[in-house]
Amino acid sequence: MAFEYKEKLIDLFYNSHVSHQQIDETIDLVLEENSSLTVEENLEAMINLLVESGDSTLEMDEDNASGVTSEKPLDIEKFNHYYNELLNMFPDICPQYLLEFCRKYDNFNFEQVVHDLIETDYIKMRRDPLDICEHLKQMLPNADPIYLRNQSRVLATRPPEDLDEFIENAIEKSDYPTMQEYLVNKELTADLALYLTNFSVNRYLDRVPDPLGIFLDSRRKPVLSGDVSEKDIEFALTFLYNQFVFQRKSEIKKIFFSYNKHLIKTFNKLKCLIKAFRHPRPIVPLGECKNVDLLQEISFLKHEKLIRQFLKQKDQRYKTALEEARKYGLLKTCSCCYDEELIPEECYFCTRGCIFCKDCVKSGAEHVIGKEETSFPCLADCDSEFDYSTLQMVLDTKTFQGVWHRKQIEEIRNANIGGLETCPFCDFCMIPDDGDKIFKCANIECMAETCRLCRHRAHIPKRCNEIEYDEDVKMRTFIENKMTEALLRKCWKCSKQFYKESGCNKMTCVCGAKMCYVCGEAVTDYAHFNQNRCALYTENLQQFHLERVLEGAESAKTELGITDNPDKLKFDPTRGIANDVA
């Protein structure tokens, strides 16, 4: 607000002897004494004071003492122009600081201000972490958003060049946590929350349908047996410490390991012990645990009473419903397993009304899912099927979501929608924007980024014809291996490979065997070379090796069908060698 007053006052007193310092003092005086006045009233009071004061309050130099007026104040348009120039020259400076800094100059000299700023340890602008985070998301769209948010907070306090360096390194090294890792962890965290913080009996029994039968089975193998992490063992011990706060930790640990880390047996033993302390020990914070089996067992121990009560009530409701169904003749028979005592609540139907129990529908559906089909035929002699609302009631949430996703993909494909594309690495479908060169799969289990032209992994900034794919690599590697085989010689006796850099062509292996370096035949003396078969010396050994390598390459190309179709090979490993031979 003070700056707005100053703009108006400078404009009003442009041709007067009133200085910037005098205006500043007047503004401060009026605002301090008349805080309750309106903007117009404050401005009027400031104008009156300046008119009454007349001459400038600035100290005059010798010229001014002789009657020469000081340099007229800088007009507001020029001030704004210089101010914006300074912002461009010092992009990291705090704008408010710069404004206050410029106010100190009554005779504004741009070069002097620049010089003073360079010599000053000025206050730097604190950039908004949210803006930085949005920029990072645009530059690194496949990065973990939590990771980017944390990095943004740090980069907001650093020079702008640090942000550019961070982005450049991230793109070059790709060593940052990915969006796929973030989504997987998010899903896992939501799953673990059921056992750690958001326990629900209904949801728990969906994941563990028969906890009493599972955890109270004396033959059951302890969840912490075998190769488990020390972190999981420490988590289990901490749980026991917090459940039995009147027992010594050393005693708890002793019993735990005496039962071979069997959590259920240890828990039941500790319940029978007499308290060792009069006052409880402090609760120890639980660490992190991602062992779902361990968490399920701990949740059972923590909520066993609640689970038993729930199951007992459920069993009582079933018995009541069964008695009523018998009384009124409402019992039905499963068309698959022929269970004759199905109460109405337990009946599941195909689209034509055939009756089945839950277990039969579930087993039949799982069989179809195993074959990766999306149609679930009736289990009786009927040409109908089960609809997806029925499947949702008998399948667990994760299994049903997978089936439903597969069904949606199939329907989308059958609809022949224009522009629809499928991820090359999974069955995810979408319609990308026309300008997108990259297909970004949204399937959490895939999330591959692929080129829409060649259908391989994204390779920007390289073009499709500059990238080697698996088949290209295999062909190139095959040719290179044949070239190496042609260069090396193999001993006819011990199969040791070698090649020579100088000397005659009569070679002696470390095993004692002798052979001709040119043709590879076994020799005993120099007679082989005296019969005009192979030269004893090769004049240009390097040329000889290059020719052999090219012969091996041509043999490999012929075998791969590349000789008749040269375009089949994207990268020729003989490129450059042929010129050396020529």
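The values are calculated or read from the model by the stated rules, or taken from the named source; none is laboratory data. Every value quoted in this text rests on a predicted model; they were computed, and no experiment measured them. Because the Cβ atoms are built from the backbone with ideal geometry, glycine has one as well, and the counts that use them run over all protein chains shown. The accessibility values were calculated without ligands, DNA or RNA, using every heavy atom of the protein model including side chains. Shrake-Rupley method; radii C 1.70, N 1.55, O 1.52, S 1.80 Å.
A few remarks follow.
- Accessible area per residue, Å², the chain with all protein chains present, probe 1.4 Å: 63
- Charged neighbours of residue 295, selected by a Cβ distance under 12 Å, balance to -2 (K, R count +1; D, E count -1).
- Residue 453 accessible area, 1.4 Å probe, all protein chains in place, Å² to nearest 10: 150
- Each Cα pair under 8 Å and six or more residues apart adds its sequence gap; the mean of these over the residue count of segment 389-487 is a relative contact order of 13 percent.
- Taking all Cα-Cα distances within segment 297-389, those exceeding 23 Å account for 43%.
- Largest accessible area first, the listed residues 338, 97 line up as 338, 97 when surface is computed with a 1.4 Å probe on the assembled protein chains.
- Carbon plus sulfur fraction of accessible area for segment 73-219, probe 1.4 Å, in percent: 50
- When restricted to Cα atoms, segment 350-431 yields an Rg and a Dmax of 14.4, 44 Å, respectively.
- For segment 196-259, the gyration tensor built on C-alpha atoms gives a prolate shape. Its axis ratio a/c (a ≥ b ≥ c) is at least 1.5, and a/b is the larger of a/b and b/c.
- Here the 3J(HN,Hα) profile of segment 409-414, calculated from phi with Karplus coefficients 6.51, -1.76 and 1.60 at θ = phi - 60°, is 4, 5, 5, 5, 5, 5 Hz, Gly and Pro shown as x.
- For percent of Cα pairs over 42 Å apart, the candidate list reads [x] 42; [y] 29; [z] 65; the entry that matches the value derived from this model is [z].
- With contacts taken as Cα pairs under 8 Å and at least 6 residues apart, the chain reaches a relative contact order of 6 percent.
- Nonlocal amide H pairs with residue 178, under 5 Å, H built at 1.01 Å: 144
- Straight-line reach from residue 327: taking Cα to Cα under 16 Å and skipping same-chain neighbours fewer than 8 places apart, the aspartates and glutamates in range are 340, 341, 345.
- Summing charges over all other residues whose Cβ lies under 15 Å from the Cβ of residue 378, with Lys and Arg as +1 and Asp and Glu as -1, gives -3.
- Taking other residues whose beta carbon is less than 11 angstrom from the beta carbon of residue 358, and scoring Lys, Arg as +1 and Asp, Glu as -1, yields -3.
- For residue 125, residues with placed amide H under 5 Å, excluding near neighbours: 93, 94
- Largest first, the extents of the alpha carbon coordinates of segment 234-342 on the three principal axes equal 61, 30, 24 Å.
- Estimated from helices alone, the mean residue ellipticity of the chain at 222 nm is -15500 deg cm²/dmol (sum of -39500 (n - 2.57) over DSSP H runs with n ≥ 4, per residue).
- For residue 8, the lysines whose Cα comes closer than 24 Å to its Cα, not counting residues fewer than 8 places off in the same chain, are 72, 78, 104.
- Interchain or long-range residues, amide H under 5 Å from residue 355's placed H: 335
- Annotation: residue 131 carries an accessible surface of approximately 100 Å², with a 1.4 Å probe and no ligand, DNA or RNA atoms counted.
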